[in-house]
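Since the structure comes first, as structure tokens, the remarks are kept for the end.
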Amino acid sequence: MSEALFINVRDDASTKAHDAADNTSPSSKTRHTGGDTPNSTYQASPSSAQPTAIPVTRHVTSQVTRHVTDQVTTPITDHSINTASQHGTPSDTNTDAGTTERITEPPNHTAETPNSTTVTDVTVTNTPDHATVAPSDTMVFMNTPGKKATIRDVARLAGVSYGTVSRYLNGSAHVSGDAAQRIAAAIKEAQYTPNNAARSLAQRRTLTVALIIQVESRETIVQSSVSSAMAGANQVLGDAGYQMVTVIANSEASTQRIAQLVQSDFADGYLLFSLSNDTSLEQTFLDTQRPVVGSEINESNQVKFPTVDFTNEEGQRSITQYLLNRGRTELLYVCGPGYSPSSLNRLRGFRAALGEQYHDENVYYADDWEITSGEMAVIAFQSKLDTADGIICANDNIAVGVINQLNRLGYRVPEDIAVTGFDDSPMAMLANPKLTTVRQDSELHGMTMAKLLLEMMSGKSVDRRHTVMLPTSIIKRQSA
């Protein structure tokens, strides 16, 4: 699997402000239950050391001819998304109505690790591509240090033509079963790996996918489920021969620079997580028509590119009904930021479950997804706490803050007030008591986005209003 590169694109002013904030002690104590709040660990991966070419002296006693490595022009193979459509088979044509489908379990992937080697002491000959090279008893392939196997080496070992090997590598069906078996055995014996750099040059591709995260703060990434989605996307893209570069935008200046990168074809495709109120990058993709798959895209933009999200409304309705069924009828709600589509959908689910019992005065509207928002919500609800028997939160971070503040005020969770979260992020296990929450498979989220993007980059027609909805489920723990 390829390593992901992490790039934090920020202007100097925001960097200084962040550093100053890191060195400022909080004015009031905050009790962290079950462990410390994780800190950001994202940094650029160290560059791999370049291999050193070691001269090799050989005494050739036979008429074996060696060939210089040819450029490989292997196109990206098609990676179909494994889905079960709720409304039928996804359309291959662009329509205004759009399509919605539900995902099933992803297939397993096996990463392919490219080698970087140097060919020395070679003789160049011109062998027609259509010529079949018969295996010889006197020719033995030696995987000599510093020599990288080529397609011609594989062809000689398999006893087929250069073109046949090339078609096999391209996934062509026009290769017989016997030839395919011999080529596969030859590839294994020669330890052959495709030359991705040559393939990239020949196809005018960068073999890079940029995963862009728009956030208000770096902590949002660490404390949310985005990190798991990043891992899932990186696995799928690495298996397909792509390098994933993660770019974090948390200021106006950095967002503008990223927009310039998109316009200059910095990458072959893009994954966009919109976790802030800034919608300018969404507009950039609408204007440039670059291949992009989004998540958490602002509803006001009337999305015109594919998205992958969760059944947020259904999940919040289910966990609200779960508390109602357990006799918790005096419920309060802490909503996430109003610019977030998932936040608004989760509020709709809470409202739908309560029906006529819903009252807007029992809802606290937070400005962000952070732990402190949960603490502030409890303070705002203080006059209602003696009659309340449950607090439903828009995400796990907020729920942890709610539990912390309830503990400070002397309320027992769940005996006095039950608390639920959403996401089943790592924070859910750090809460005390551990958090009952709505689970969404964030790794599957990233994998699904990457597969859909690969389809678009391979030339498949994908409905630009296509939406994939992933399921949610209730995880029962001690807080409710």
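What to note about this one:
- Residues within the range 420-433 that are out of contact with any Leu (no Cβ under 9 Å at 6 or more places or on another chain) and either within 17 Å of Tyr322 (Cα to Cα) or of a type in the set (Asp, Glu) (or both), tallied: 2
- In the range 357-386, of all residues being farther than 19 Å from Tyr339 by Cβ and hydrophobic (A, V, I, L, M, F, W, C), the one that is surrounded by the fewest Cβ atoms within 10 Å (Cβ to Cβ) corresponds to Ile379.
- Of the set (1) within 22 Å of the chain's Cα centre (by Cα); (2) surrounded by fewer than 18 Cβ atoms within 10 Å (Cβ to Cβ), all apply to Asn397 but (2).
For (1) closer than 15 Å to Ala394 by Cα; (2) not hydrophobic (A, V, I, L, M, F, W, C), each residue gets a yes or a no:
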site	(1), (2)
Ala267	no, no
Asn312	yes, yes
Thr320	yes, yes
Gln357	no, yes
Ile371	yes, no
Met376	yes, no
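- For Pro414: the one exception among (1) in contact with a Lys or Arg (Cβ under 7 Å, 6 or more places away or on another chain); (2) surrounded by fewer than 24 Cβ atoms within 10 Å (Cβ to Cβ): (1)
- Candidates Thr467, Thr436: the one that is buried (at least 22 other Cβ atoms within 10 Å of the Cβ) and of a type outside the set (A, V, I, L, M, F, W, C) is Thr436.
Read-outs: derived from the displayed coordinates by stated rules, not from any lab. Bear in mind the structure is a predicted one, so any value in this text is a computation, not a measurement. With ideal geometry, Cβ positions are generated from the backbone for all residues, glycine too; neighbour counts draw on all protein chains shown.
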